[in-house]
1. When the Karplus curve 6.51 cos²θ - 1.76 cosθ + 1.60 is applied with θ = phi - 60°, which whole-Hz ³J(HN,Hα) does each residue of segment 17-33 get, with x for Gly and Pro?
2. Taking +1 at the Cβ of each Lys and Arg and -1 at the Cβ of each Asp and Glu, which of Trp421, Ile472, Met246 sits farthest along the dipole of segment 6-473 towards its positive end, judged by Cα position relative to the Cα centre?
3. Around Arg190, which amide H atoms from residues at least 5 apart in sequence, or from another chain, sit under 5 Å from its own amide H, with H modelled in the peptide plane?
4. If you keep only loop residues by DSSP, which trypsin sites (Lys or Arg not before Pro) in segment 322-353 have at most 14 other Cβ atoms within 10 Å of their Cβ?
5. List the residues, sorted by chain then number, that are 5 or more residues from Leu80 or on another chain and whose placed amide H is less than 5 Å from its amide H.
6. Using a 7 Å offset from Cα along Cα-Cβ at Asp328, what residues in segment 353-393 end up with backbone N under 12 Å from the label point?
7. Using only C-alpha atoms and all pairs of different ones, pull out the Kirkwood radius for segment 6-473 in Å with one decimal.
8. For segment 379-452, which trypsin sites (Lys or Arg not before Pro) pass both filters: DSSP loop (anything but H, G, I, E, B) and at most 16 other C-beta atoms within 10 Å?
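A short reminder: the numbers here are calculations on the coordinates, not readings from a lab. Note that the coordinates shown come from a computational prediction; the quantities given were computed from them, not determined experimentally. Heads up, the Cβs are rebuilt from the backbone with ideal geometry, glycines too, and the neighbour counts pull from every protein chain shown.
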Amino acid sequence: MSSFDYSEKIPNNVNLADDRTLKRALEQWQPNFLSWWDDMGPDGSQNFDVYLRTAVSVDPQGWAQFAHVKMPDYRWGIFLNPAEQNRKIHFGDHQGEDAWQDVPGEYRANLRRIIVTQGDTEPASVEQQRHLGLTAPSMYDLRNLFQVNVEEGRHLWAMVYLLHKYFGRDGREEGEALLERRSGQQDNPRILQAFNEPTPDWLSFFMFTYFTDRDGKFQLCALAESSFDPLARTTKFMLTEEAHHMFVGESGVSRVIQRTVQVMNELKTDDPARLRAAGVIDLPTVQRYLNFHFSVTIDLFGADESSNAATFYSTGLKGRFEEGKRQDDHLLKGQTYRVMQAHGGALVEKDVPMLNALNEVLRDDYIKDSVAGVERWNKVIEKAGIPFRLKTPHKAFHRNIGGLAGLKVSPEGRVLNEAEWAAGVNQWLPSAEDRAFVASLMGRVVEPGKFAHWIAPPVMGINRQPVDFEYIRFN
Ligand SMILES: [Fe+2]
Ligand SMILES: [Fe+2]
């Protein structure tokens, strides 16, 4: 068939060279993956040499090798964190038993579903971001976009490895289906709604990598606790890559803000119209984008009361964030947790069994974590002497999943009637006009060291290279 040497070209620590079944499955899947990348990967980028890091092993030196490579030649690898000797299950009904090195028959369907749902988000985000390269604000940013894209590709590999290795024929079929669904497509969309939303501009991209890749972090952290040891070890390694994605988002938004406050001070104005005329993104628009991405992302944690969440925990498939650091019985039976509901026009809290509220527990942990970065953005505004502050909206704002779905709630948490919502929505969520304005700023700036007008340069380059390094050779 092809001359591709799978064990050679796929960096791995799963002994691929000696695993004939796995090799055969990958021989089928890998060409389809490449044609998916051709169709749905970054637009027009096939021939670029991009300064990318590639994981070639799991030790600190090996997971970040930098070199210029063409993305279709990227060495998507398969890595698991090293095994922990005699690892025990540390939560749920099997607590104290040996961690599973194989999939227990009775949990097979649920584990497959968890892996497929995670796996589906990885190619989805590549699809969502595929046109952004055409409007990159700098060569540095373009390189970061491509880095995120190839690593999401590798995350897909990580999940497909588990499907191929542990789920036989069903796993191979799921591996194919992961390449067939398409973000935003009517008849065969991606599984989770946030991954069907377009990422039309770079402000959206930075917000997405800040908020939605952080959802990835929390899901991966919960799976890193799993009793199914290969899943725990795979997701632990994926987390090392996720940190960079969130950095791209946090620093990207921070640089947008920095440029805006600089122009605000130069012009001595906070008038959005004047700032827009000066070619920067006014802070209320940044706030509206934040509101949108935050609310769409917290929906990803699922319904606030969920019997599936209880089952996944009790059977040991998916833990809580930092399960190992928590000081409780790790069974949670008879315990309760507060979830929010609307009752007679007001938001009220009610106690529900903790096990059924584990989606909400993870969502609340996520919310705490995401607020910290918003405070760092506020520091940039504060340092410029400007009284404006960004804020994450109320948890009940603009929700589409769970008990709060469909309620009309202001970003401050006030329950509204239809008329009040309609009167306020354009101050709270990006309007068509906001999106058109942000789109109007997007133009391609790719000379080394040059940056689009609406964004400040980063403080330093990638891998200690200068900011004006030639991160991409267009050929
Ligand atoms: Fe990912
Ligand atoms: Fe990511």
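1. Ordered by residue, 3J(HN,Hα) equals 4, 9, 9, 5, 5, 5, 4, 5, 4, 5, 4, 6, 7, 4, x, 5, 4 Hz.
2. Ile472
3. Here Arg182, Ser183, Gly184, Gln185 satisfy the definition.
4. Sparse-neighbourhood loop trypsin sites (Lys or Arg not before Pro): Arg326, Lys333.
5. Asn13
6. Of the residues in segment 353-393, 353-362 have backbone N under 12 Å from the label point off Asp328.
7. 23.3
8. Values: sites: Lys379, Lys383, Arg389, Lys391, Lys395, Arg399, Lys408, Arg414, Arg435, Arg444, Lys450; in loops: Arg389, Lys391, Lys395, Arg399, Lys408, Arg414, Arg444, Lys450.
Sites meeting the loop and neighbour criteria: Arg389, Lys391, Arg414, Arg444, Lys450.
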